[in-house]
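Down below is the structure, laid out as C-alpha coordinates.
The values are calculated or read from the model by the stated rules, or taken from the named source; none is laboratory data. Since this is a predicted model, take the numbers as computed values, not measurements. Ideal geometry is used to build each Cβ from the backbone, glycine not excepted, and the neighbour counts take in all protein chains shown.
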Amino acid sequence: MSESKRRVGVLGLGHVGLPTALGFAELGWSVSGTDSDRIKVEQISGGGLPFYEPGMSELLQKHLASRRFRPLADIGLTVRDSDILFICVGTPHREDGSADLSQVEGAARSIAENLNGYKLIVEKSTAPVHTARWIERAILRYQNGKPEFEVACNPEFLREGTALRDLLHPDRVVIGAKSEKARCWLRELYEPLNAKILLTDLNTAEIIKHASNAFLALKISYINMVGDLCEAAGADVKDVAEGLGMDPRIGASFLDAGIGYGGFCLPKDLKAFISVAQEFGLSFSVLREVEQVNQDRIDRFVRKVQRALWVLKDKRLAVWGLAFKPDTDDIREAPSIHIASRLLQSGALLRLYDPQAMEAFRLVFPEEAERLVYCGSAVEAATSAHAILVLTEWQEFRTVDWPKVRQEVAVPMVVDGRNCLDRTVLEPLGFEYHSMGQPSSALHEVGVIR
Ligand code: UDX
(Lines give C-alpha, C1' and ligand atoms only; values in the text may rest on other atoms or scores of the structure.)
Protein backbone atom coordinates (compact mmCIF):
# COMPACT_ATOMS: atom_id res chain seq x y z
CA MET A 1 0.00 0.00 0.00
CA SER A 2 1.32 3.42 -0.84
CA GLU A 3 1.96 5.45 2.27
CA SER A 4 -0.13 8.39 1.03
CA LYS A 5 -3.17 6.11 1.01
CA ARG A 6 -2.74 4.86 4.56
CA ARG A 7 -5.61 6.20 6.65
CA VAL A 8 -5.55 7.14 10.29
CA GLY A 9 -8.46 6.71 12.71
CA VAL A 10 -8.60 8.33 16.14
CA LEU A 11 -10.87 6.93 18.86
CA GLY A 12 -11.65 9.58 21.47
CA LEU A 13 -11.69 13.28 20.58
CA GLY A 14 -10.61 14.81 23.90
CA HIS A 15 -7.52 16.79 24.89
CA VAL A 16 -5.27 14.10 23.37
CA GLY A 17 -7.35 12.71 20.49
CA LEU A 18 -8.45 15.93 18.83
CA PRO A 19 -4.99 17.56 18.68
CA THR A 20 -3.57 14.22 17.52
CA ALA A 21 -6.15 13.91 14.73
CA LEU A 22 -5.63 17.49 13.57
CA GLY A 23 -1.84 17.19 13.89
CA PHE A 24 -1.78 14.15 11.59
CA ALA A 25 -4.12 15.93 9.16
CA GLU A 26 -1.69 18.85 9.17
CA LEU A 27 1.13 16.42 8.34
CA GLY A 28 -0.83 15.41 5.25
CA TRP A 29 -2.56 12.23 6.39
CA SER A 30 -6.20 11.43 5.87
CA VAL A 31 -7.73 11.18 9.34
CA SER A 32 -11.14 10.25 10.70
CA GLY A 33 -12.02 10.72 14.34
CA THR A 34 -14.81 9.45 16.53
CA ASP A 35 -16.05 9.78 20.08
CA SER A 36 -18.73 8.03 22.11
CA ASP A 37 -20.15 11.49 22.89
CA ARG A 38 -22.27 12.21 19.82
CA ILE A 39 -22.90 15.81 20.80
CA LYS A 40 -19.15 16.39 20.86
CA VAL A 41 -18.79 14.84 17.38
CA GLU A 42 -21.58 17.07 16.07
CA GLN A 43 -19.99 20.13 17.61
CA ILE A 44 -16.62 19.32 16.06
CA SER A 45 -18.25 18.55 12.67
CA GLY A 46 -19.79 22.02 12.80
CA GLY A 47 -16.37 23.60 13.43
CA GLY A 48 -16.84 24.08 17.20
CA LEU A 49 -14.35 22.97 19.85
CA PRO A 50 -15.37 21.16 23.03
CA PHE A 51 -12.53 22.88 24.93
CA TYR A 52 -10.13 25.78 24.52
CA GLU A 53 -6.71 25.07 23.08
CA PRO A 54 -4.64 27.75 21.32
CA GLY A 55 -4.40 27.27 17.55
CA MET A 56 -6.91 24.44 17.40
CA SER A 57 -9.88 26.33 16.09
CA GLU A 58 -7.93 27.49 13.04
CA LEU A 59 -6.56 23.99 12.41
CA LEU A 60 -10.01 22.44 12.74
CA GLN A 61 -11.51 24.87 10.19
CA LYS A 62 -8.57 24.23 7.89
CA HIS A 63 -8.86 20.46 7.90
CA LEU A 64 -12.63 20.26 7.83
CA ALA A 65 -12.31 22.34 4.65
CA SER A 66 -9.41 20.30 3.27
CA ARG A 67 -11.40 17.15 4.14
CA ARG A 68 -8.25 15.64 5.60
CA PHE A 69 -10.09 15.41 8.93
CA ARG A 70 -13.52 13.77 9.11
CA PRO A 71 -15.36 13.58 12.44
CA LEU A 72 -17.58 10.49 12.45
CA ALA A 73 -20.29 9.53 14.91
CA ASP A 74 -19.97 5.86 13.93
CA ILE A 75 -17.03 4.16 15.60
CA GLY A 76 -17.49 1.08 13.40
CA LEU A 77 -17.07 3.17 10.27
CA THR A 78 -13.96 4.81 11.69
CA VAL A 79 -12.45 1.39 12.40
CA ARG A 80 -13.37 -0.11 9.04
CA ASP A 81 -12.11 2.96 7.19
CA SER A 82 -8.69 3.15 8.85
CA ASP A 83 -5.40 1.30 8.65
CA ILE A 84 -3.88 2.77 11.80
CA LEU A 85 -6.12 3.32 14.82
CA PHE A 86 -5.08 5.49 17.74
CA ILE A 87 -6.81 4.79 21.04
CA CYS A 88 -7.05 8.20 22.73
CA VAL A 89 -9.90 7.59 25.18
CA GLY A 90 -9.81 8.66 28.83
CA THR A 91 -8.07 6.67 31.55
CA PRO A 92 -9.37 8.35 34.72
CA HIS A 93 -8.38 7.08 38.16
CA ARG A 94 -10.60 4.94 40.36
CA GLU A 95 -11.20 5.42 44.09
CA ASP A 96 -8.14 3.30 44.93
CA GLY A 97 -5.88 5.30 42.58
CA SER A 98 -5.62 2.62 39.90
CA ALA A 99 -6.45 3.50 36.29
CA ASP A 100 -10.00 2.86 35.10
CA LEU A 101 -9.45 1.16 31.76
CA SER A 102 -13.09 0.58 30.86
CA GLN A 103 -12.97 3.09 27.99
CA VAL A 104 -9.84 1.44 26.61
CA GLU A 105 -11.52 -1.95 26.79
CA GLY A 106 -14.62 -0.49 25.12
CA ALA A 107 -12.48 0.85 22.27
CA ALA A 108 -10.73 -2.53 21.91
CA ARG A 109 -14.09 -4.31 21.67
CA SER A 110 -15.37 -1.89 19.06
CA ILE A 111 -12.21 -2.43 17.04
CA ALA A 112 -12.56 -6.20 17.39
CA GLU A 113 -16.14 -6.15 16.17
CA ASN A 114 -15.24 -4.11 13.10
CA LEU A 115 -11.94 -5.61 11.98
CA ASN A 116 -12.00 -5.90 8.21
CA GLY A 117 -8.33 -6.41 7.34
CA TYR A 118 -4.93 -5.70 8.88
CA LYS A 119 -5.00 -2.86 11.40
CA LEU A 120 -2.26 -1.33 13.45
CA ILE A 121 -3.84 -0.41 16.78
CA VAL A 122 -1.91 2.16 18.75
CA GLU A 123 -2.33 2.82 22.46
CA LYS A 124 -1.85 6.57 22.86
CA SER A 125 -3.80 7.12 26.07
CA THR A 126 -1.63 6.95 29.17
CA ALA A 127 -2.18 3.54 30.69
CA PRO A 128 -0.41 1.13 33.04
CA VAL A 129 2.22 -1.27 31.81
CA HIS A 130 0.66 -4.38 30.19
CA THR A 131 -2.37 -2.46 28.89
CA ALA A 132 -1.25 -3.09 25.28
CA ARG A 133 -1.20 -6.80 26.03
CA TRP A 134 -4.72 -6.55 27.43
CA ILE A 135 -5.90 -4.68 24.34
CA GLU A 136 -4.48 -7.49 22.22
CA ARG A 137 -6.23 -10.13 24.32
CA ALA A 138 -9.53 -8.25 24.24
CA ILE A 139 -9.42 -7.96 20.45
CA LEU A 140 -8.61 -11.65 20.06
CA ARG A 141 -11.51 -12.47 22.36
CA TYR A 142 -14.16 -10.33 20.69
CA GLN A 143 -13.15 -10.31 17.05
CA ASN A 144 -15.32 -11.66 14.25
CA GLY A 145 -13.21 -13.97 12.10
CA LYS A 146 -9.44 -13.84 12.24
CA PRO A 147 -8.19 -10.72 10.51
CA GLU A 148 -4.62 -9.75 11.32
CA PHE A 149 -3.80 -6.91 13.65
CA GLU A 150 -1.01 -5.65 15.87
CA VAL A 151 -1.02 -3.51 18.97
CA ALA A 152 1.67 -0.85 19.44
CA CYS A 153 2.21 1.86 22.02
CA ASN A 154 3.01 5.45 21.09
CA PRO A 155 2.51 7.55 24.21
CA GLU A 156 1.49 11.18 23.99
CA PHE A 157 3.48 13.97 25.60
CA LEU A 158 1.04 16.77 24.86
CA ARG A 159 0.60 19.57 27.35
CA GLU A 160 -2.67 21.41 27.42
CA GLY A 161 -2.16 24.93 26.16
CA THR A 162 0.70 23.89 23.87
CA ALA A 163 -0.71 20.62 22.53
CA LEU A 164 -0.27 21.43 18.85
CA ARG A 165 3.24 22.74 19.31
CA ASP A 166 4.15 19.63 21.32
CA LEU A 167 2.67 17.41 18.63
CA LEU A 168 4.29 19.11 15.67
CA HIS A 169 7.64 19.81 17.38
CA PRO A 170 8.11 16.90 19.78
CA ASP A 171 11.22 16.38 21.94
CA ARG A 172 10.91 12.71 21.16
CA VAL A 173 8.55 10.16 19.66
CA VAL A 174 8.42 6.88 21.55
CA ILE A 175 7.32 3.83 19.57
CA GLY A 176 6.80 0.56 21.37
CA ALA A 177 6.10 -2.23 18.89
CA LYS A 178 6.74 -5.90 18.23
CA SER A 179 7.08 -6.07 14.45
CA GLU A 180 9.17 -4.21 11.91
CA LYS A 181 5.96 -3.50 9.97
CA ALA A 182 4.40 -1.62 12.90
CA ARG A 183 7.59 0.32 13.57
CA CYS A 184 7.87 1.23 9.92
CA TRP A 185 4.23 2.42 9.67
CA LEU A 186 4.54 4.58 12.73
CA ARG A 187 7.90 5.98 11.67
CA GLU A 188 6.35 6.95 8.33
CA LEU A 189 3.52 8.75 10.07
CA TYR A 190 5.94 10.94 11.98
CA GLU A 191 8.52 11.26 9.20
CA PRO A 192 7.66 14.85 8.22
CA LEU A 193 8.56 15.97 11.77
CA ASN A 194 12.19 14.92 11.66
CA ALA A 195 11.90 14.11 15.36
CA LYS A 196 14.12 11.94 17.55
CA ILE A 197 12.49 8.51 17.61
CA LEU A 198 13.01 5.97 20.35
CA LEU A 199 12.08 2.40 19.44
CA THR A 200 11.24 0.08 22.33
CA ASP A 201 9.09 -2.86 23.29
CA LEU A 202 5.51 -2.34 24.46
CA ASN A 203 6.06 -2.54 28.20
CA THR A 204 8.96 -0.11 28.05
CA ALA A 205 7.00 2.47 26.07
CA GLU A 206 4.16 2.30 28.58
CA ILE A 207 6.51 2.77 31.52
CA ILE A 208 8.31 5.69 29.81
CA LYS A 209 5.04 7.61 29.80
CA HIS A 210 4.08 6.97 33.40
CA ALA A 211 7.64 7.54 34.60
CA SER A 212 7.82 10.84 32.69
CA ASN A 213 4.71 12.32 34.25
CA ALA A 214 5.63 11.05 37.71
CA PHE A 215 9.08 12.63 37.33
CA LEU A 216 7.57 15.97 36.34
CA ALA A 217 5.35 15.86 39.43
CA LEU A 218 8.38 14.95 41.51
CA LYS A 219 10.31 17.95 40.21
CA ILE A 220 7.44 20.27 41.10
CA SER A 221 7.02 18.87 44.61
CA TYR A 222 10.77 18.96 45.12
CA ILE A 223 11.00 22.66 44.32
CA ASN A 224 7.95 23.34 46.47
CA MET A 225 9.56 21.53 49.37
CA VAL A 226 12.75 23.56 48.87
CA GLY A 227 10.54 26.66 48.60
CA ASP A 228 9.15 26.01 52.08
CA LEU A 229 12.69 26.03 53.43
CA CYS A 230 13.52 29.20 51.49
CA GLU A 231 10.51 30.90 52.98
CA ALA A 232 11.38 29.83 56.51
CA ALA A 233 15.07 30.68 56.19
CA GLY A 234 14.76 33.89 54.20
CA ALA A 235 15.96 32.77 50.76
CA ASP A 236 14.37 33.13 47.33
CA VAL A 237 13.19 29.90 45.68
CA LYS A 238 13.21 31.51 42.23
CA ASP A 239 16.92 32.14 42.46
CA VAL A 240 17.51 28.71 43.98
CA ALA A 241 15.61 27.16 41.03
CA GLU A 242 17.69 29.18 38.61
CA GLY A 243 20.88 27.99 40.24
CA LEU A 244 19.67 24.38 40.18
CA GLY A 245 18.49 24.56 36.60
CA MET A 246 21.85 25.76 35.30
CA ASP A 247 23.09 22.23 35.86
CA PRO A 248 22.11 20.37 32.67
CA ARG A 249 21.75 17.18 34.69
CA ILE A 250 18.86 18.84 36.52
CA GLY A 251 17.40 21.13 33.83
CA ALA A 252 15.63 24.43 34.32
CA SER A 253 12.03 23.55 33.48
CA PHE A 254 9.36 22.38 35.91
CA LEU A 255 11.03 24.12 38.82
CA ASP A 256 8.41 26.82 39.34
CA ALA A 257 7.32 26.80 42.96
CA GLY A 258 3.75 27.71 43.83
CA ILE A 259 0.41 26.17 44.72
CA GLY A 260 1.33 22.89 43.05
CA TYR A 261 0.35 20.77 40.10
CA GLY A 262 -3.19 20.02 38.98
CA GLY A 263 -4.87 18.98 35.75
CA PHE A 264 -6.21 15.71 34.47
CA CYS A 265 -2.84 14.04 33.89
CA LEU A 266 -0.17 14.53 36.53
CA PRO A 267 -2.34 13.72 39.59
CA LYS A 268 -3.98 10.64 38.07
CA ASP A 269 -0.84 9.31 36.37
CA LEU A 270 1.07 9.58 39.62
CA LYS A 271 -1.64 7.64 41.44
CA ALA A 272 -1.78 5.02 38.70
CA PHE A 273 2.01 4.61 38.69
CA ILE A 274 2.03 4.07 42.46
CA SER A 275 -0.80 1.57 42.06
CA VAL A 276 0.99 -0.33 39.26
CA ALA A 277 4.14 -0.54 41.37
CA GLN A 278 2.08 -1.85 44.25
CA GLU A 279 0.67 -4.61 42.04
CA PHE A 280 4.25 -5.71 41.41
CA GLY A 281 5.03 -5.66 45.12
CA LEU A 282 6.93 -2.34 45.03
CA SER A 283 6.35 0.65 47.25
CA PHE A 284 7.00 3.88 45.38
CA SER A 285 7.10 5.75 48.68
CA VAL A 286 8.94 8.71 47.18
CA LEU A 287 5.94 9.28 44.90
CA ARG A 288 3.54 9.15 47.85
CA GLU A 289 5.56 11.99 49.36
CA VAL A 290 5.30 13.87 46.07
CA GLU A 291 1.50 13.67 46.40
CA GLN A 292 1.61 14.74 50.03
CA VAL A 293 3.79 17.78 49.35
CA ASN A 294 1.39 18.77 46.58
CA GLN A 295 -1.66 18.43 48.83
CA ASP A 296 0.05 20.52 51.50
CA ARG A 297 0.33 23.42 49.01
CA ILE A 298 -3.35 24.20 49.42
CA ASP A 299 -3.07 24.46 53.16
CA ARG A 300 0.10 26.54 53.01
CA PHE A 301 -1.47 28.97 50.58
CA VAL A 302 -4.69 29.37 52.56
CA ARG A 303 -2.72 29.87 55.77
CA LYS A 304 -0.64 32.51 53.99
CA VAL A 305 -3.81 34.38 53.02
CA GLN A 306 -5.08 34.02 56.57
CA ARG A 307 -1.83 35.34 58.08
CA ALA A 308 -1.84 38.27 55.69
CA LEU A 309 -5.47 39.25 56.34
CA TRP A 310 -5.94 37.92 59.90
CA VAL A 311 -9.71 37.25 59.64
CA LEU A 312 -11.21 35.89 56.42
CA LYS A 313 -14.88 36.09 57.34
CA ASP A 314 -16.68 38.61 55.11
CA LYS A 315 -13.45 39.58 53.33
CA ARG A 316 -13.80 40.21 49.60
CA LEU A 317 -11.05 38.26 47.84
CA ALA A 318 -10.27 38.71 44.16
CA VAL A 319 -9.32 35.33 42.70
CA TRP A 320 -7.29 35.73 39.52
CA GLY A 321 -7.07 32.47 37.61
CA LEU A 322 -9.15 29.31 37.94
CA ALA A 323 -7.72 27.01 35.25
CA PHE A 324 -5.11 24.49 36.42
CA LYS A 325 -2.58 26.30 34.21
CA PRO A 326 -2.65 29.15 31.66
CA ASP A 327 -3.90 28.80 28.07
CA THR A 328 -6.56 26.26 28.89
CA ASP A 329 -10.14 26.32 30.18
CA ASP A 330 -9.56 23.07 32.06
CA ILE A 331 -10.24 23.11 35.80
CA ARG A 332 -9.94 19.38 36.44
CA GLU A 333 -7.96 18.88 39.68
CA ALA A 334 -7.18 22.60 39.64
CA PRO A 335 -5.77 23.97 42.91
CA SER A 336 -8.32 26.81 42.55
CA ILE A 337 -11.18 24.43 43.44
CA HIS A 338 -9.60 23.34 46.72
CA ILE A 339 -8.49 26.85 47.62
CA ALA A 340 -11.90 28.37 46.83
CA SER A 341 -13.58 25.68 48.92
CA ARG A 342 -11.36 26.45 51.92
CA LEU A 343 -11.85 30.20 51.58
CA LEU A 344 -15.63 29.80 51.35
CA GLN A 345 -15.55 27.65 54.49
CA SER A 346 -13.77 30.51 56.23
CA GLY A 347 -16.62 32.86 55.32
CA ALA A 348 -14.87 34.87 52.58
CA LEU A 349 -16.62 36.31 49.52
CA LEU A 350 -14.88 35.55 46.24
CA ARG A 351 -14.68 37.77 43.17
CA LEU A 352 -13.56 35.41 40.43
CA TYR A 353 -11.92 36.02 37.09
CA ASP A 354 -10.28 33.72 34.54
CA PRO A 355 -9.90 34.48 30.82
CA GLN A 356 -11.17 31.00 29.80
CA ALA A 357 -12.31 28.86 32.72
CA MET A 358 -15.27 30.81 34.17
CA GLU A 359 -17.94 28.71 32.49
CA ALA A 360 -16.52 25.46 33.85
CA PHE A 361 -16.04 26.92 37.33
CA ARG A 362 -19.64 28.10 37.59
CA LEU A 363 -20.68 24.44 37.89
CA VAL A 364 -18.37 23.69 40.83
CA PHE A 365 -20.08 25.46 43.74
CA PRO A 366 -23.73 25.88 42.63
CA GLU A 367 -24.91 26.22 46.25
CA GLU A 368 -22.53 29.12 46.93
CA ALA A 369 -23.92 31.47 44.26
CA GLU A 370 -24.37 34.33 46.73
CA ARG A 371 -20.76 34.38 47.85
CA LEU A 372 -19.21 33.99 44.39
CA VAL A 373 -19.14 36.93 42.02
CA TYR A 374 -18.02 36.17 38.45
CA CYS A 375 -16.28 39.21 36.96
CA GLY A 376 -15.54 40.26 33.40
CA SER A 377 -11.92 41.29 33.95
CA ALA A 378 -9.07 41.14 36.41
CA VAL A 379 -9.61 44.80 37.34
CA GLU A 380 -13.31 44.22 37.94
CA ALA A 381 -12.52 41.30 40.22
CA ALA A 382 -10.05 43.47 42.14
CA THR A 383 -12.58 46.23 42.67
CA SER A 384 -13.26 46.70 46.41
CA ALA A 385 -11.19 43.58 47.22
CA HIS A 386 -9.30 43.16 50.48
CA ALA A 387 -6.69 41.06 48.66
CA ILE A 388 -5.92 39.71 45.19
CA LEU A 389 -5.04 36.02 45.05
CA VAL A 390 -3.26 34.82 41.92
CA LEU A 391 -3.92 31.13 41.25
CA THR A 392 -3.01 30.80 37.55
CA GLU A 393 -0.16 32.64 35.84
CA TRP A 394 -2.07 34.02 32.85
CA GLN A 395 0.05 36.48 30.88
CA GLU A 396 -2.59 39.22 31.19
CA PHE A 397 -2.12 39.33 34.98
CA ARG A 398 1.54 40.27 34.52
CA THR A 399 0.67 43.18 32.28
CA VAL A 400 -2.48 44.42 34.00
CA ASP A 401 -2.78 48.19 34.63
CA TRP A 402 -1.44 48.12 38.20
CA PRO A 403 -1.98 51.82 39.00
CA LYS A 404 -5.63 51.32 38.03
CA VAL A 405 -5.87 48.17 40.17
CA ARG A 406 -4.35 50.12 43.06
CA GLN A 407 -7.14 52.69 42.77
CA GLU A 408 -9.88 50.05 42.75
CA VAL A 409 -8.87 47.74 45.62
CA ALA A 410 -9.99 48.25 49.20
CA VAL A 411 -6.66 46.98 50.53
CA PRO A 412 -3.51 46.84 48.37
CA MET A 413 -2.52 43.26 49.05
CA VAL A 414 -1.49 40.51 46.61
CA VAL A 415 -0.93 36.85 47.44
CA ASP A 416 0.75 35.36 44.39
CA GLY A 417 0.34 31.59 44.33
CA ARG A 418 2.37 31.27 41.13
CA ASN A 419 5.24 33.70 41.78
CA CYS A 420 4.42 35.29 38.45
CA LEU A 421 4.22 38.98 39.38
CA ASP A 422 7.02 41.47 39.79
CA ARG A 423 7.25 42.78 43.33
CA THR A 424 9.41 45.68 42.13
CA VAL A 425 6.37 46.93 40.21
CA LEU A 426 3.86 46.29 42.99
CA GLU A 427 5.65 47.47 46.10
CA PRO A 428 6.38 51.04 44.91
CA LEU A 429 2.61 51.34 44.26
CA GLY A 430 1.96 50.49 47.89
CA PHE A 431 0.98 46.83 47.49
CA GLU A 432 1.90 44.33 50.18
CA TYR A 433 3.19 41.36 48.18
CA HIS A 434 3.23 37.74 49.34
CA SER A 435 4.45 34.85 47.21
CA MET A 436 5.50 31.22 47.58
CA GLY A 437 8.99 30.33 48.77
CA GLN A 438 10.19 33.90 48.91
CA PRO A 439 10.63 36.32 51.77
CA SER A 440 7.35 38.18 52.23
CA SER A 441 7.33 41.98 52.27
CA ALA A 442 5.04 42.13 55.32
CA LEU A 443 7.19 39.71 57.30
CA HIS A 444 10.23 41.83 56.52
CA GLU A 445 8.39 44.90 57.71
CA VAL A 446 7.56 43.46 61.09
CA GLY A 447 11.03 41.99 61.40
CA VAL A 448 10.03 38.32 61.51
CA ILE A 449 12.73 37.59 58.93
CA ARG A 450 16.02 39.33 59.51
C1 UDX B 1 1.18 16.89 31.43
C2 UDX B 1 2.55 16.56 30.84
O3 UDX B 1 3.42 17.70 30.95
C4 UDX B 1 2.43 16.12 29.39
O5 UDX B 1 3.70 15.75 28.87
C6 UDX B 1 1.49 14.92 29.39
O7 UDX B 1 1.40 14.33 28.19
C8 UDX B 1 0.13 15.33 29.92
O9 UDX B 1 0.30 15.78 31.25
P10 UDX B 1 -0.47 18.98 31.37
O11 UDX B 1 -1.38 18.20 32.24
O12 UDX B 1 -1.05 19.71 30.22
O13 UDX B 1 0.68 18.05 30.76
O14 UDX B 1 0.24 20.07 32.32
P15 UDX B 1 1.72 20.46 32.71
O16 UDX B 1 2.25 21.51 31.82
O17 UDX B 1 2.57 19.25 32.88
O18 UDX B 1 1.47 21.13 34.15
C19 UDX B 1 0.86 20.35 35.18
C20 UDX B 1 0.67 21.17 36.43
O21 UDX B 1 1.92 21.44 37.03
C22 UDX B 1 -0.01 22.52 36.23
O23 UDX B 1 -0.96 22.69 37.26
C24 UDX B 1 1.12 23.52 36.37
O25 UDX B 1 0.67 24.76 36.85
C26 UDX B 1 2.00 22.81 37.39
N27 UDX B 1 3.42 23.21 37.32
C28 UDX B 1 4.14 22.99 36.19
C29 UDX B 1 4.03 23.77 38.43
O30 UDX B 1 3.40 23.95 39.49
N31 UDX B 1 5.35 24.08 38.36
C32 UDX B 1 6.10 23.90 37.25
O33 UDX B 1 7.31 24.20 37.28
C34 UDX B 1 5.47 23.32 36.13
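A few notes on this one:
- Residue that is within 15 Å of the ligand (Cβ to nearest atom), touching a Ser or Thr at 6+ places or on another chain (Cβ under 6 Å) and hydrophobic (A, V, I, L, M, F, W, C), where the choices are 293, 240: 293
- Taken over the range 63-100, the criterion of being among the aliphatic types (A, V, I, L, M) and at pLDDT 95 or above is satisfied by 64, 65, 72, 73, 75, 77, 79, 84, 85, 87, 89.
- Output for the range 1-58, where each listed residue is in contact with a His (Cβ under 7 Å, 6 or more places away or on another chain) and among the aliphatic types (A, V, I, L, M): 22, 25
- Near pairs, Cβ below 8 angstrom, 6+ apart or cross-chain, from the range 393-416 (within 16 Å of the ligand (Cβ to nearest atom)) to any residue that is of a type in the set (Phe, Trp, Tyr) and not in a helix (DSSP H, G or I): 394/320; 397/320; 416/433
- Total residues in the range 311-326, condition touching a residue at least 60 places away in the same chain (Cβ under 8 Å), touching a Ser or Thr at 6+ places or on another chain (Cβ under 7 Å) and surrounded by fewer than 24 Cβ atoms within 10 Å (Cβ to Cβ): 3
- Tabulated pairs, the range 98-117, first within 13 Å of residue 86 (Cα to Cα), second buried (at least 21 other Cβ atoms within 10 Å of the Cβ) and charged (D, E, K, R), C-beta under 9 angstrom, 6+ apart or interchain: 104/123; 111/119
- Test: residue in the range 149-166 that is closer than 30 Å to residue 356 by Cα, of a type in the set (A, V, I, L, M, F, W, C) and in a helix (DSSP H, G or I): yes
- Candidates 103, 143 - the one that is surrounded by fewer than 18 Cβ atoms within 10 Å (Cβ to Cβ) and among the polar types (S, T, N, Q): 143
- Enumeration of residues in the range 366-385 that are surrounded by 14 or more Cβ atoms within 10 Å (Cβ to Cβ) and either under 27 Å from the mean Cα position of the chain (by Cα) or assigned to a helix (DSSP H, G or I) (or both): 371, 372, 373, 374, 375, 378, 379, 380, 381, 382
- Residues that are without any contact (Cβ under 8 Å) to a residue 12 or more places away in the chain and closer than 19 Å to residue 163 by Cβ were ranked within the range 38-61; the one that is surrounded by the most Cβ atoms within 10 Å (Cβ to Cβ) is 43.
- The residue that is nearest to the ligand (Cβ to nearest atom), counting only those in the range 1-30 that are more than 21 Å from residue 160 (Cβ to Cβ) and assigned to a helix (DSSP H, G or I), is 3.
- Residues that are surrounded by 17 or more Cβ atoms within 10 Å (Cβ to Cβ) and within 16 Å of the ligand (Cβ to nearest atom) within the range 199-211 comprise 205, 206, 207, 208, 209, 210, listed in sequence order.
- Condition check for residue 337: crowded, with 24+ Cβ neighbours inside 10 Å, closer than 30 Å to residue 55 by Cα and among the β-branched types (Val, Ile, Thr): no
- Which numbered condition residue 314 fails, given (1) in contact with a Lys or Arg (Cβ under 8 Å, 6 or more places away or on another chain); (2) at positive phi: (1)
- Looking across the range 423-450, just one residue is outside any loop (DSSP other than H, G, I, E, B), at pLDDT below 50 and closer than 20 Å to residue 302 by Cβ, and that is 443.
- Residues of the range 232-284 satisfying the condition of being among the hydroxyl-bearing types (Ser, Thr, Tyr) and more than 23 Å from the chain's Cα centre (by Cα): 283
- Scope the range 31-85; condition out of contact with any Gly (no Cβ under 7 Å at 6 or more places or on another chain), among the charged types (D, E, K, R) and assigned to a helix (DSSP H, G or I); matching residues: 38, 40, 42, 58, 62, 80
- Residue among 122, 79, 173, 151 that is touching a Leu at 6+ places or on another chain (Cβ under 8 Å), more than 16 Å from the ligand (Cβ to nearest atom) and under 21 Å from residue 30 (Cβ atoms): 79
- Number of residues in the range 86-123 that are closer than 22 Å to residue 15 by Cα and part of a loop (DSSP other than H, G, I, E, B) equals 10.
- Scanning the range 253-262 for residues that are surrounded by fewer than 22 Cβ atoms within 10 Å (Cβ to Cβ) and out of contact with any helix residue (DSSP H, G or I) (no Cβ under 6 Å at 6 or more places or on another chain) yields 253, 256.
- Residue 308 being within 16 Å of the ligand (Cβ to nearest atom) and surrounded by 16 or more Cβ atoms within 10 Å (Cβ to Cβ): no
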